[in-house]
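Asker: Dropping a structure here in structure tokens format, bear with me for questions.
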Amino acid sequence: MARSIPALLLVVAALSLSASAQGSKVETIGAFADQGASESVRSALEAKGYRVTSADGSIVCEIWLRSAVPTQPKKDVSGAIYTELGDATVVGVVSLPKGGNDYRGQGIKSGVYTLRYALHPTDGNHMGISTYRDFLLLVPVAADPDVSATFKFEDLAKMSAKSAGTNHPTPFSLVSPEAAKSAPSVSENEHGHLVFAAKLKTRGGGEMPIAFIVKGIAEQ
């Protein structure tokens with residue numbers, strides 16, 4: 001990776017909203033219908049979504065997963081756990097009605113974003129930030145009209161930077177799919193981070209557990 005790629009890619013990212021994770025819940029909602037998204041995006045999603053709410057009832061985010069995620073044979077990649085997913089694969093869409101902040105405090109604009117899979121590089125700048133290299137990069141849905149499009153890592157990083165209106169891309173941290181045993185669910189991990197877990201339907205007709213952080217503050 002070029003050294004000019006912003007350091008935010010090195011950070012485990014999630015939403016940092018004020019409400020406590022305790023008492024948060026997930027509920028099923030209807031189909032994604034945002035007309036700001038292309039037909040390619042809308043038609044690729046499941047007919048139902050998930051709303052994650054905090055203890056005070058405010059919405060943390062709304063998530064719609066892809067209905068048939070393309071996968072590949074699982075590979076042995078150091079530090080990665082979701083190697084069934086190819087680079088830049090769209091796994092779903094997230095709506096952030098109130099926006100938020102990433103772990104470093106960078107603001108995330110309110111809006112709707114595609115979630116594309118990415119692995120952060122293994123150079124020394126990335127060590128010790130997260131247990132895993134797997135991330136979902138947020139891209140404004142209006143700037144990502146084709147779910148079948150593929151991108152190089154550097155190009156995807158630049159697209160994701162539009163999510164915060166800065167030079168820094170905006171990732172969600174993927175975590176161990178062990179949390180998806182009782183999916184869909186939302187839980188608090190040992191670091192106090194709020195983790196959303198679900199099962200992705202794959203193009204081959206199977207299911208793939210997935211879990212990622214939707215709220216949390218990075219330990220300093």
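The values are calculated or read from the model by the stated rules, or taken from the named source; none is laboratory data. Since this is a predicted model, take the numbers as computed values, not measurements. Heads up, the Cβs are rebuilt from the backbone with ideal geometry, glycines too, and the neighbour counts pull from every protein chain shown. For accessibility, only protein heavy atoms count, side chains too; no ligands or nucleic acids. Shrake-Rupley method; radii C 1.70, N 1.55, O 1.52, S 1.80 Å.
Asker: Among the aspartates and glutamates, select those whose C-alpha is under 12 Å from the C-alpha of Lys74, and discard any that sit fewer than 8 residues away in the same chain.
Answerer: Counting by Cα, and skipping residues close in sequence, Lys74 has these aspartates and glutamates nearby: Glu84.
Asker: Which value, in Å², gives the accessible area per residue of the stretch 53-94 when a 1.4 Å probe is used on the protein heavy atoms?
Answerer: Numbers: 1590 Å² over 42 residues.
In whole numbers, the stretch 53-94 has 38 Å² accessible per residue.
Asker: For the stretch 38-98, what is the Kirkwood hydrodynamic radius in Å, using each pair of distinct C-alpha atoms? Could the numbers behind the result be given before it?
Answerer: Values: mean 1/r = 0.0735 Å⁻¹.
Kirkwood hydrodynamic radius for the stretch 38-98: 13.6 Å.
Asker: More than 14 Å apart: what percent of Cα pairs in the stretch 152-194 qualify? Present the calculation step by step, with values, prior to reporting the outcome.
Answerer: Values: 551 of 903 pairs.
Roughly 61 percent, rounded to a whole number.
Asker: Turning to a different aspect of this structure: What GluC sites (Glu not before Pro) does the stretch 164-199 have in DSSP loop regions with at most 10 other beta carbons within 10 Å? The partial results should precede the final answer.
Answerer: Details: sites: Glu178, Glu188, Glu190; in loops: Glu190.
When the GluC sites (Glu not before Pro) of the stretch 164-199 are filtered for loop state and at most 10 Cβ neighbours within 10 Å, Glu190 remain.
Asker: Follow-up question, since we're still on this one. Determine ³J(HN,Hα), in whole Hz, for all residues of the stretch 26-36 in sequence, where each value follows from phi through the Karplus function 6.51 cos²θ - 1.76 cosθ + 1.60 and θ = phi - 60°; x replaces Gly and Pro.
Answerer: Residue by residue, the stretch 26-36 yields 10, 9, 7, 10, x, 5, 6, 9, 5, 6, x Hz.
Asker: Okay, next question. Under 19 Å Cα-Cα from Lys48, which aspartates and glutamates qualify once same-chain neighbours fewer than 8 residues away are excluded?
Answerer: Hits, sequence-local ones excluded: Glu27, Asp34, Glu39, Glu62, Glu207.
Asker: Next question. Report the label-to-label distance for Ser110 and Thr166 in nanometres (one decimal), using points 7 Å from each Cα along the Cα→Cβ vector.
Answerer: Result: 2.0 nm between the two label points.
Asker: If you don't mind, there's one more thing I want to ask. Counting Lys and Arg as +1 and Asp and Glu as -1, each charge on the Cβ, what is the dipole of the stretch 134-220 about the Cα centre in debye, to the nearest 20? Show your work: numbers first, answer last.
Answerer: Working: 8 positive and 10 negative charges, 52 e Å.
Using only the charged Cβ atoms, the result is roughly 240 debye.
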